[in-house]
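First comes the structure, then the notes that go with it.
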Amino acid sequence: MKTIICAMNCSKYLFADDKPVNMKADCIEVGDPANLDFIIGDMNSSNATLIEDVTEPDDWYGCKYNYIDDAWELCPDWVDPRLEENQV
């Protein structure tokens, strides 16, 4: 697996090893260059880092974990957005 982390080490995205990820100066492109899956417009090569060969936590969810020194750490401020949706 591979993850994209922001400057604060927060794991924002997690992809399979074979998923193409292109870190560009103005965005991050995800998927086959001829037919992109999506573009991440608020992250780029200057404010994010792609880390490859990571092991996915069983309960990974975007922003739930930080990736620091080759290890996953639960983000202390994380609140499950699925629970918040149910409370509305």
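Values quoted throughout were computed directly from the atomic coordinates according to the rules given, and no laboratory measurement underlies them. Just so we're clear, the structure is a prediction, and the values are computed from it rather than from any experiment. Neighbour counts are summed over all protein chains in view; Cβ atoms, including those assigned to glycine, are modelled from backbone coordinates with ideal geometry.
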Q. Taking Val79, is it among the aliphatic types (A, V, I, L, M) and part of a loop (DSSP other than H, G, I, E, B)?
A. yes
Q. What is the residue count in the range 8-51 for residues that are more than 25 Å from Asp80 (Cα to Cα) and of a type outside the set (Val, Ile, Thr)?
A. 21
(Q) Take the residues in the range 17-36 that are surrounded by 12 or more Cβ atoms within 10 Å (Cβ to Cβ) and part of a strand (DSSP E or B); name whichever of them is farthest from the chain's Cα centre (by Cα). (A) Leu36
